[in-house]
Amino acid sequence: MVALGLVPAPSGASAPRLYTVMPSSEADEITGPSTVEIFNPPSFDLAATAAVEGLKPHHFAPVPGRNVALISHFSPTAFVEVFSLRKNAVVGTIPTGLGPRHLTFNRRGTVAYTANHDGGSVSALDTRTRRLIGTVPAGHEPNFVAFARTAHGPRVFACNNGADTLTVIDARKLRVIKTIRVGQRPFDMALTHHDRLLASANAGDNTVSFV
């Protein structure tokens, strides 16, 4: 997995850096320790490496508006690591459900949501206090999550790869509102810019469902 982070330079400007977690996918192919590799554009020379403490990392997700990123992991890990973009080091962990994979954030970056693939749940994390807010059940094998602002309030959608459904969660109250049937083995999702339409990529039958 690859991510682009912005780190404040001494002058106060932002210097872009490219972050990769190697190895990070797929779970069965990760048999040893992993590292975060940091590259400096435009030359893309390797500037530094940092150890990853958890087993089988998968997703490196910079927190919007903050100088940290969250690293999620395949099972058997049940936490995300907090990675400082200033120190280029893991500085803590936040508990989640089992096997958190992909993450999404609210617009301010104050809350992160994880799709806990092996726990069948979604966890909400406070990125400021670095604490677990709560965990809500989802469908079987949730793989991806998306945060959306709707006329009825903020929502989190989880695509359940093992259930052919999307779980709709009230992001404030952390409760399931409804379950929507989509195509086979939904794997990923994308929202339009106004958050009114969500597309589900269904890997099992090569279709796209629109919600």
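Rule-based calculations on the coordinates, nothing more; no lab input. Note that this is a predicted model, so its numbers are computed, not measured. All Cβ positions, even for glycine, are placed from backbone atoms using ideal geometry, and neighbour counts span all protein chains on display.
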Just how many % of Cα pairs in the range 121-177 lie over 16 Å apart, if you round to the nearest whole percent?
41
How long are the semi-axes of the equivalent ellipsoid of the range 12-88, taking √(5λ) for every eigenvalue λ of the Cα gyration tensor, in whole Å from largest down?
23, 15, 9
Could you pull out every one of the aspartates and glutamates with an alpha carbon less than 14 Å from that of LYS56, ignoring same-chain neighbours closer than 8 positions?
GLU26, ASP28, GLU29, GLU81, ASP118
Label-point gap, in nm, between ARG107 and GLU29 - each point 7 angstrom along Cα→Cβ:
3.8
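Let me check against my output: what whole-number percent is the relative contact order of the chain, with C-alpha pairs under 8 Å and at least 6 apart?
10
Give the calculated FRET efficiency between ALA199 and LEU18 to the nearest 0.05, with a Förster radius of 30 Å applied to their Cβ-Cβ distance. Display every interim value, and only then the final one.
On the way: r = 27 Å, r/R0 = 0.91.
In this case the efficiency is close to 0.65.
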Hits among aspartates and glutamates - C-alpha to C-alpha of LYS87 under 15 Å, sequence gap 8 or more where chains match
GLU37
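Between ALA151 and PHE210, what's the calculated FRET efficiency when r is the beta-carbon distance and R0 is 22 Å? Round to 0.05.
Numbers: r = 18 Å, r/R0 = 0.81.
Calculated transfer efficiency: 0.80.
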Using a Förster distance of 25 angstrom, determine the FRET efficiency expected from the C-beta separation of ARG128 and VAL176, and round it to 0.05.
0.45
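Mind ordering 156-162, 76-82 by average Cβ neighbours within 10 Å, highest first? Present the calculation step by step, with values, prior to reporting the outcome.
On the way: 156-162: 25.1, 76-82: 20.3.
Going by the mean number of other Cβ atoms within 10 Å, highest first, we get 156-162, 76-82.
Mind pulling up the Rg/Rh value for the chain? Radius of gyration and Kirkwood radius, both on Cα.
Numbers: Rg = 17.0 Å, Rh = 17.4 Å.
Here Rg/Rh amounts to 0.97.
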